[in-house]
Structure formats: structure tokens, C-alpha cells
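There's a structure below that I have some questions on.
The values are calculated or read from the model by the stated rules, or taken from the named source; none is laboratory data. In this text the structure is predicted, and so the values were computed from the model without any measurement. Glycine gets a Cβ as well: all are built from the backbone with ideal geometry, and neighbour counts include every protein chain shown.
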Amino acid sequence: MELKKARRPASLAKYAFKERLMIRIGDWAFYLIILLIGRTIRFEVKGWENFEAIENAGKLPIYAFWHDRIFASTYFFRNRGIAVLTSQSKDGEYIARFIQRLGYGAIRGSSTRGGVGALVEMIRTMRNGVAMAFTVDGPKGPRYEAKSGAVLLAKKTGNPIMPFVVEPQKFWTIRSWDKLQIPVPFTRARLTIAKPIFVRADSNDDDTRKSLAELQDSLDAMVDEGAVWRTSA
């Protein structure tokens, strides 16, 4: 029931007619592009045992990844019953709608607008059996700088953070703050999943800062490893 609610598109009543039209066009365009290109990507996976370890422990993963990898990541993990934190902005509405078509739920909020309410909603939803995902440097950066939302959610729910990086061998880069990667059709891509990060419920501020640093280091290491794989593959 919780995921079904999160998969329901939000009202566009607050937007002008032209904005509503552009959101609907963008929604379908992104959905079709991700679906068509995603089907051609040849994925290889490293660290799947880390995902399995979370499931075997009876926990739900908190997916944590960089904003520029959203294209290939969204395709790979589609239709798995995951809810994603999306911005309350117009750009966030584009994202919310096309990920909902790919089987995700969308919870509106961010670190800058509606953040506390969104975290409360994510805690409640996760306690009802729904896995969560964060672009941990979103919604507007700084690029590759992890924010604390995933750590706070892990602390409140007892579920571990699962850092991962998808590295396409060939991709185009969009001129945006995150330098969004669009995989070239039929390229190879490596999904690397790191060891899960657990955050104790009684963690103090120093502990949570250390967990955030661990998340940052884990993602940075996978980006570096992915770059080496891409240039040597």
C-alpha cells in the first residue's frame, strides 16, 4: 500500500498550462529514452553478494549513488519496489513521473526544501517494507559531495546504506551541474556494489559524521575504480 501511494503521480495544478505540458512531454520522453537505451546496455555486476547479504539479514537496502549516474541506475534497478527521494521543484516533477513509470515510488522533498517532512515520510514508508534510494549529492550539488539524508535514514530505521556506482564504458555528458551521464546505446556498463554501511540507533553526532565520511569514501573509491575499468576495458 505504501509503494502504491508513492507511485501515484502528484497533481500539476500549481503549474501553468505550458509548464504542465512540458512536464508531461518530458516525462514520456525521459521514460522512453531510458527504456530504449537501457535495453541495449550490457551490464556486468561486481559486489552483488553485498546486496544479497542485506536481504539475507532481513533488512532493506538504502540505495545511495551519485546524481550523474541516475540514467543507468534507474534502468538497472527498475520494478524492484524502491521509493526515491525527489525534489519538490519542477525538475523534480519530471524525475518523479518518469521513475514512477519504471516501477519506483517518489517521495517529494530535498535537503533544501521539505527535507524534514520528506525524511519522516521515508522513515514511515521504509518501516512499512519499502526500500529507499538517494542521489546523495542531489538535488543541486555540490557534485560528488554526500549529504546526510541516507545516514539519518539508516540510523532511524536500522537498515543499512548500500553504496553503488554504475560506470558506462561510453557515454554522453549533459551540460548540467551534475554532468549527467547518458550511456551510448549498446555500451558496456559496470555496476559495483560496496559493502553495506550500518548506522547504530544510538549514534551521536561524531558517529554520524564518521558514517557520512565512510559513505563518501566508498562512493569516491568506486568512481575511481570505475574510471580505471572504463579506460582499460
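Are there any pairs, at least 6 apart or on different chains, whose C-beta atoms fall under 6 Å, with the first in the stretch 164-184 and of a type in the set (Gly, Ala, Ser) and the second not in a strand (DSSP E or B), and if so, which?
From residues that are of a type in the set (Gly, Ala, Ser), there are no pairs.
Just the residues that are touching a residue at least 12 places away in the same chain (Cβ under 8 Å) and outside any helix (DSSP H, G or I), please, taken from the stretch 196-229.
If the condition is that a residue be touching a residue at least 12 places away in the same chain (Cβ under 8 Å) and outside any helix (DSSP H, G or I), then Pro196, Ile197, Phe198, Val199, Arg200, Ala201, Ser203 are the ones that fit.
Related question: Of (1) among the acidic types (Asp, Glu); (2) surrounded by 23 or more Cβ atoms within 10 Å (Cβ to Cβ); (3) part of a strand (DSSP E or B), Glu44 satisfies all except one. Which?
(2) is the only condition that Glu44 fails.
Here's another thing I want to ask about it. For Gly105, which of the numbered conditions (1) crowded, with 22+ Cβ neighbours inside 10 Å; (2) within 19 Å of Glu167 (Cβ to Cβ); (3) of a type outside the set (A, V, I, L, M) fails to hold?
So the condition that Gly105 fails would be (2).
Can you work out which of the residues in the stretch 124-177 that are of a type in the set (Val, Ile, Thr) and surrounded by 22 or more Cβ atoms within 10 Å (Cβ to Cβ) is farthest from Val45 (Cα to Cα)?
In this case the residue turns out to be Val151.
If you don't mind, there's one more thing I want to ask. What are the residues in the stretch 58-100 that are in a loop (DSSP other than H, G, I, E, B) and in contact (Cβ under 8 Å) with a residue 60 or more places away in the chain, if any?
Answer for the stretch 58-100, where residues must be in a loop (DSSP other than H, G, I, E, B) and in contact (Cβ under 8 Å) with a residue 60 or more places away in the chain: Lys59, Leu60, Pro61, Trp66, Gly81.
Going by the conditions given, is Ile37 within 18 Å of the chain's Cα centre (by Cα) and not in a strand (DSSP E or B)?
Answer is no for this residue.
Further question: Would you pick out the residues in the stretch 185-209 that are surrounded by 14 or more Cβ atoms within 10 Å (Cβ to Cβ) and more than 20 Å from the chain's Cα centre (by Cα)?
If the condition is that a residue be surrounded by 14 or more Cβ atoms within 10 Å (Cβ to Cβ) and more than 20 Å from the chain's Cα centre (by Cα), then Thr187, Arg188, Ser203, Asp207, Thr208 are the ones that fit.
Restricting to the stretch 124-159, what's the tally of residues that are aliphatic (A, V, I, L, M), closer than 18 Å to Ile99 by Cβ and assigned to a loop (DSSP other than H, G, I, E, B)?
2
Go through the stretch 160-193 and report how many residues are within 27 Å of Pro61 (Cα to Cα) and in a strand (DSSP E or B).
Number of matching residues: 17.
Only one of these is under 17 Å from the mean Cα position of the chain (by Cα) and either closer than 24 Å to Ala189 by Cα or exposed (fewer than 15 other Cβ atoms within 10 Å of the Cβ) (or both): Trp28, Trp66. Name it.
Unique residue meeting the criteria: Trp66.
Report yes if Phe51 is closer than 26 Å to Phe186 by Cα, in contact with a strand residue (DSSP E or B) (Cβ under 9 Å, 6 or more places away or on another chain), outside any helix (DSSP H, G or I) and in contact (Cβ under 8 Å) with a residue 24 or more places away in the chain, otherwise no.
no
Given the criterion closer than 23 Å to Lys210 by Cα and modelled with pLDDT of 95 or more, identify the matching residue among Val116, Val136, Val151, Val120.
Val151
Name the residue that is surrounded by the most Cβ atoms within 10 Å (Cβ to Cβ), counting only residues in the stretch 9-23 that are touching a residue at least 24 places away in the same chain (Cβ under 8 Å) and part of a helix (DSSP H, G or I).
Across the stretch 9-23, the extreme among qualifying residues is Ile23.
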